[in-house]
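*Asks:* Shown below is the structure under consideration.
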Amino acid sequence: MSTYVVAYDLVNENGPHDYQPLWDELERLGGQRTQYSLWLVNVTNTSKELHDHIKTMLDKDDKLWVFELTKNRSYSNAIKGTNDWLSRNPPSR
């Protein structure tokens, strides 16, 4: 399994699109929200597969970035539970 950072910008949150399915899916995948629009997810998928899956839940003008988290990291001031989540889901490389 690999740990990925999922970052997104919802361009028009007040528009007709409902983002609750996105947040529900990230939670279903066992993700940890670390900031308002930043999640950590530990899955067997490639970053491209995860990106393409999440993109189906966004509007066409929303921004999305998925990248693998490696052991070369630092943590500071993240949402409660983030460091515990990382302890349970350490990056593989």
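The values are calculated or read from the model by the stated rules, or taken from the named source; none is laboratory data. In this text the structure is predicted, and so the values were computed from the model without any measurement. Cβ placement follows ideal geometry from the backbone for every residue including glycine, while neighbour counts extend to all protein chains displayed.
*Asks:* Which condition number does Ala78 fail, the rest of (1) at pLDDT 95 or above; (2) of a type outside the set (Val, Ile, Thr); (3) within 21 Å of Pro91 (Cα to Cα) being met?
*Replies:* In the conditions (1) at pLDDT 95 or above; (2) of a type outside the set (Val, Ile, Thr); (3) within 21 Å of Pro91 (Cα to Cα), Ala78 misses (1) alone.
*Asks:* Does at least one position in the range 36-47 carry a residue that is among the small types (Gly, Ala, Ser), at pLDDT below 95 and not in a helix (DSSP H, G or I)?
*Replies:* Taking every residue of the range 36-47 in turn, at least one turns out to be among the small types (Gly, Ala, Ser), at pLDDT below 95 and not in a helix (DSSP H, G or I).
*Asks:* Let me ask another. Considering (1) farther than 23 Å from Arg88 by Cα; (2) part of a loop (DSSP other than H, G, I, E, B), say which one Tyr8 fails and leave the rest.
*Replies:* Of (1) farther than 23 Å from Arg88 by Cα; (2) part of a loop (DSSP other than H, G, I, E, B), only one is false for Tyr8: (2).
*Asks:* Are there any pairs, at least 6 apart or on different chains, whose C-beta atoms fall under 6 Å, with the first in the range 71-83 and over 14 Å from Leu38 (Cβ atoms) and in a loop (DSSP other than H, G, I, E, B) and the second modelled with pLDDT under 75 and among the hydrophobic types (A, V, I, L, M, F, W, C), and if so, which?
*Replies:* Once the first residue is over 14 Å from Leu38 (Cβ atoms) and in a loop (DSSP other than H, G, I, E, B) and sits in the range 71-83, no partner that is modelled with pLDDT under 75 and among the hydrophobic types (A, V, I, L, M, F, W, C) comes close enough.
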